[in-house]
Amino acid sequence: MLKTRLIPCLDVKNGRVVKGVQFLDLVDAGDPVESARAYDKAGADELCFLDITASAEARGTILDVVRRTAEACFMPVTVGGGVRNLDDIRALLLAGADKVSINTAAVRDKTIVARAAAKFGTQAIVVAIDAKKVSLANESERFEIFTHGGRNPTGIDAVEFACDVARLGAGEILLTSMDRDGTKIGYDIPLTKAISNAVNIPVVASGGVGTLDHLVDGVKLGGASAVLAASIFHFGTYTIMEAKQHMAKAGIAMRLD
Amino acid sequence: MKIALIDYDAGNIHSVRKALNVAASNIGLSIDVSVGSDPDTICKADRIVLPGDGAFADCVEHLRAVEGLTEALGEAVHKKGHPFLGICVGMQLLATKGLELGETAGLDWLKGTVERIQPNDKALKVPHMGWNTLNARQPHPLLNNIELGTNGLHAYFLHAYHFIPHNMNDVIATSEYGQAITAVIAKDNIAGTQFHPEKSQKLGVQLLQNFLNWTP
């Protein structure tokens, strides 16, 4: 049977792994190629590589980092960050990415998802959704998409958008709660559940993991097909195998090869 | 041993090359992997690997766009009988036709159709994405030293469409995903895996070692 995936995420800025709190206050967490190699050996199910380099000229180096990272591991790699068009996607796939994640470009124009899926196959196209809760305490829960590291509200409803991109051919949704990112208080379960229930493609839960029970909750309560975390692994709080064994003990089917 | 790794602008060639080199070094075999689409090189190779990521129709188009490529593949595989391995869409292209975004003719080396996965269990999501175990349908040298079954090793799958063969004797192993998904096919010197051996850690390297040792 298909196993639930555990995915460490490398946020890469100017060629280094960094990790912040709610997309700010970045601290250095090492070399991406070394990290990839270590996670591969540790039994991670996939690697997520998000390029958060801001300046256009610095972005040129990313293909080389992706190439070396993909070369360093025998597991699939999803690469995202700053993907604007089909040429960007092609370049990343040729550099060794197995899946490419589109964020702002899809928010700007959803049809890029359909064009990318027709070209590269639905399985290679991930849409990254960064959402924040916008409903008030006395309202029913509503989540809105934000771009540019959470600075720009879009007015787009996250659940509706997820359904739209799934219909257009996205193969997976990488769902980050911007309220929870880096907080270590757990995934936003209502958000995760709302999106997982709404689409028939896999959803990766992201943002907020601080304990191993949070990973379990993402799957059991949130309905995620895969769970992503960064800090708890980068800074050695838990190993990949500890996390997988914990999830397996909680009754989730995990790969423990 | 000369390996032709076919590059027809359809995906991740480097991972496959790296994995082949690791597999060869594990069994003390010296291989020379040439990446490209030159018909002459393909005809001179001892073994051929056809990878592929992407949509069926787009991959077929790229394959046919290289002059003399399908003819060279046909000659090496059918006339000379050299071992051939298709990976993911590279396996699906062997089918009679694919139904991803309209109907497209495949190479028709193995009779069958590539159709969208429609699990009986509606809770199962498509694409079939992640690590799954293999169930053998028949013994085959490509599965040597690979632990199969529910408690066996895992292979990495990443696909929304799957190969439905006309002749079930061509199916070597399946994976369970709301239905039996064709995971490994083989007929004579032609083989294919729906999963990505180059991304499947232990199982993948062993399968590639088996392919390099395979004498069909």
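Residue-by-condition table, conditions (1) buried (at least 19 other Cβ atoms within 10 Å of the Cβ); (2) in contact with a Phe, Trp or Tyr (Cβ under 9 Å, 6 or more places away or on another chain); (3) under 24 Å from A:V159 (Cα atoms):
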site: A:G80; (1), (2), (3): yes, yes, yes
site: A:V83; (1), (2), (3): yes, no, yes
site: A:L86; (1), (2), (3): no, yes, no
site: A:I89; (1), (2), (3): yes, yes, no
site: A:A95; (1), (2), (3): yes, no, no
site: A:N103; (1), (2), (3): yes, no, yes
site: A:I112; (1), (2), (3): yes, no, yes
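Scanning the stretch A:225-247 for residues that are surrounded by fewer than 16 Cβ atoms within 10 Å (Cβ to Cβ) and without any contact (Cβ under 8 Å) to a residue 60 or more places away in the chain turns up A:G236, A:E242, A:Q245.
Taking the stretch B:42-86 only, how many residues are small (G, A, S) and within 15 Å of B:D188 (Cα to Cα)?
From the stretch B:42-86, those small (G, A, S) are B:45, B:52, B:54-55, B:57, B:65, B:68, B:72, B:74, B:76, B:81, B:86; that's our starting set.
Within this subset, residues satisfying the condition of being within 15 Å of B:D188 (Cα to Cα) are B:74, B:76, B:81, B:86.
Of the residues in that region, 4 qualify.
On the stretch given as the stretch A:100-123, residues that are in contact (Cβ under 8 Å) with a residue 24 or more places away in the chain and outside any helix (DSSP H, G or I) total 6.
Hey, among A:V77, A:V66, A:V126, which residue is within 14 Å of another protein chain (Cβ to nearest Cβ) and either among the hydroxyl-bearing types (S, T, Y) or under 20 Å from B:Y161 (Cα atoms) (or both)?
On the way: A:V77 fails: either among the hydroxyl-bearing types (S, T, Y) or under 20 Å from B:Y161 (Cα atoms) (or both); A:V66 fails: either among the hydroxyl-bearing types (S, T, Y) or under 20 Å from B:Y161 (Cα atoms) (or both).
None of the other options fit; the residue is A:V126.
Residue count for the stretch B:197-216 under the criterion of being in contact with a Pro (Cβ under 7 Å, 6 or more places away or on another chain) and surrounded by 24 or more Cβ atoms within 10 Å (Cβ to Cβ): the result is 4. Restricting to the stretch B:133-155, name every residue that is surrounded by 23 or more Cβ atoms within 10 Å (Cβ to Cβ) and at the interface with chain A (Cβ under 9 Å from one of its Cβ atoms). Passing the criteria: B:T133, B:H154. The residues of the stretch A:114-131 that are surrounded by fewer than 24 Cβ atoms within 10 Å (Cβ to Cβ), modelled with pLDDT of 95 or more and of a type outside the set (A, V, I, L, M, F, W, C) amount to a single one, A:R115. Of all residues in the stretch A:232-240, at least one satisfies being within 14 Å of chain B (Cβ to nearest Cβ), aliphatic (A, V, I, L, M) and in a helix (DSSP H, G or I).
Within the stretch A:143-198, the residues that satisfy the criterion of being crowded, with 22+ Cβ neighbours inside 10 Å and assigned to a strand (DSSP E or B) are A:F143, A:I145, A:F146, A:E172, A:I173, A:L174, A:L175, A:T176, A:S177.
All conditions in (1) out of contact with any Phe, Trp or Tyr (no Cβ under 6 Å at 6 or more places or on another chain); (2) away from every other protein chain (no Cβ under 11 Å); (3) in a strand (DSSP E or B) hold for B:L158, with the sole exception of (2). The conditions of being surrounded by 17 or more Cβ atoms within 10 Å (Cβ to Cβ) and not aromatic (F, W, Y) are not met by A:A137. Checking every residue in the stretch A:187-210 against the condition of being small (G, A, S), within 13 Å of chain B (Cβ to nearest Cβ) and over 21 Å from A:D157 (Cα atoms) gives zero matches.
For the stretch A:211-231, the set of residues classified as within 14 Å of chain B (Cβ to nearest Cβ) and of a type in the set (S, T, N, Q) consists of A:S225 only. Reported count of residues in the stretch B:170-216, each being aliphatic (A, V, I, L, M), over 22 Å from B:N151 (Cβ atoms) and within 14 Å of another protein chain (Cβ to nearest Cβ), is 1.
Can you tell me which residue is nearest to B:P127 (Cα to Cα) among those in the stretch B:167-177 that are of a type outside the set (S, T, Y) and without any contact (Cβ under 8 Å) to a residue 60 or more places away in the chain?
This residue is B:E176.
Pairs are defined by a Cβ separation below 9 Å, a sequence spacing of at least 6 or placement on different chains, a first member in the stretch B:17-32 that is modelled with pLDDT of 95 or more, and a second member that is among the hydroxyl-bearing types (S, T, Y) and in a helix (DSSP H, G or I); the pairs so defined are B:I31/B:S25. Just the residues that are over 14 Å from the mean Cα position of the chain (by Cα), closer than 14 Å to B:N135 by Cα and assigned to a loop (DSSP other than H, G, I, E, B), please, taken from the stretch B:179-208. Result: B:Q179, single match.
Say whether the condition of being acidic (D, E), within 25 Å of B:V205 (Cβ to Cβ) and not in a helix (DSSP H, G or I) is met by at least one residue in the stretch A:67-75. Within the stretch A:67-75, not a single residue is acidic (D, E), within 25 Å of B:V205 (Cβ to Cβ) and not in a helix (DSSP H, G or I). Taking the stretch B:13-119 as the region of interest, the helices (runs of 4 or more DSSP H) fully inside it that hold 3 or more residues being under 23 Å from B:M1 (Cβ atoms) and within 14 Å of chain A (Cβ to nearest Cβ) are B:13-26.
The values are calculated or read from the model by the stated rules, or taken from the named source; none is laboratory data. The model shown is predicted, which means the values in this text are computed figures rather than measured ones. Counting neighbours? That spans all protein chains shown, and the Cβs are built from the backbone with ideal geometry, glycine included.
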